[in-house]
Amino acid sequence: MRAILAAVVMLQALITGDCLLCETCLAAGATQCSGIFQQCSPDVTHCVKGLENSTNGGAVTVNAFKDCLKPSHQAVCGREFYLKNSVVSFWISTTCCDSDFCNRGDVEVPAVDETPNAYKCDECYTDQSSDSCTPTGEVECTGKQNTCTSSSGKAGIPGEILKPYSLKGCVTQDYCELLQSSATQIHSDELLCVPAKKL
């Protein structure tokens, strides 16, 4: 059946022009996904695949994704976005490519760098309100995290309703400017970033 679908998609691409063909899928709770090949819109020049990993207390949620990459999201290619405090973390790694069927196969991502890096940020977290939370302490940043964030709004993992949140913690430098989530829904009312403090 999959072979028939792939043949139909390829035939459609030959008929309609040079639009890019990318595998598309989203698997909540999994590190891999596979789906059908989709003809992207004419302005799309890249396919994407990646992994999201979020933790809240002891609960861990992993989501694998593949898709046509919107032109406005090309800045995320090859980047990792990582937010962390002592209660929650959110990490996304993406890879992009620019030829037909190029995002098929396994989703491969680098290991998360948890090495302390001599930076620190104020931290707090609540899922009861989107009002800015009051710092409860400080968290040591790791890896490429050299920025502090204060964020609030609504968020939810696939299949769940959006809940209010507010947090402060460490993030990688591009988190505030370039973060694009493919699975987890994040709607920020406030998203502020400042350089992290040296320990």
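Which one of these does residue 199 not meet: (1) at pLDDT below 95; (2) under 17 Å from residue 85 (Cα atoms); (3) under 17 Å from the mean Cα position of the chain (by Cα)?
Residue 199 satisfies every listed condition except (3).
Would you confirm, using the coordinates I've provided, whether residue 108 is at pLDDT below 95, under 30 Å from residue 18 (Cα atoms), acidic (Asp, Glu) and not in a strand (DSSP E or B)?
In short, yes.
On the basis of being more than 17 Å from the chain's Cα centre (by Cα), surrounded by fewer than 22 Cβ atoms within 10 Å (Cβ to Cβ) and in contact (Cβ under 8 Å) with a residue 40 or more places away in the chain, does residue 147 make the cut?
Against the criterion (more than 17 Å from the chain's Cα centre (by Cα), surrounded by fewer than 22 Cβ atoms within 10 Å (Cβ to Cβ) and in contact (Cβ under 8 Å) with a residue 40 or more places away in the chain), residue 147 qualifies.
Taking the range 154-179 only, how many residues are in contact with a Leu (Cβ under 9 Å, 6 or more places away or on another chain) and surrounded by fewer than 17 Cβ atoms within 10 Å (Cβ to Cβ)?
Going through the range 154-179 one residue at a time, the tally reaches 3.
Among the residues that make up the range 1-13, is at least one of them at pLDDT below 60 and either part of a strand (DSSP E or B) or closer than 30 Å to residue 61 by Cα (or both)?
Yes; the residues of the range 1-13 include at least one that is at pLDDT below 60 and either part of a strand (DSSP E or B) or closer than 30 Å to residue 61 by Cα (or both).
Out of the residues in the range 50-104 that are closer than 18 Å to residue 149 by Cβ and in contact with a Cys (Cβ under 9 Å, 6 or more places away or on another chain), state the one that is surrounded by the most Cβ atoms within 10 Å (Cβ to Cβ).
Step by step, filter the range 50-104, then rank; the result is 84.
What do you reckon, is residue 118 free of Cβ contacts under 8 Å to residues at least 12 places away in the same chain, over 20 Å from residue 57 (Cβ atoms) and either part of a loop (DSSP other than H, G, I, E, B) or over 17 Å from the mean Cα position of the chain (by Cα) (or both)?
No, not satisfied.
Only residues that are modelled with pLDDT of 95 or more, over 18 Å from residue 110 (Cα atoms) and buried (at least 16 other Cβ atoms within 10 Å of the Cβ): list them for the range 28-49, please.
35, 37, 38, 39, 40, 44, 46, 47
For residues that are surrounded by fewer than 21 Cβ atoms within 10 Å (Cβ to Cβ), closer than 15 Å to residue 90 by Cβ and touching a strand residue (DSSP E or B) at 6+ places or on another chain (Cβ under 6 Å), tally how many sit in the range 125-144.
Final tally of qualifying residues: 4.
The values are calculated or read from the model by the stated rules, or taken from the named source; none is laboratory data. On a predicted model such as this, the values are computed, not experimentally measured, just so you know. Quick reminder, even Gly has a Cβ in these numbers, built from the backbone with ideal geometry, and neighbours come from all protein chains shown.
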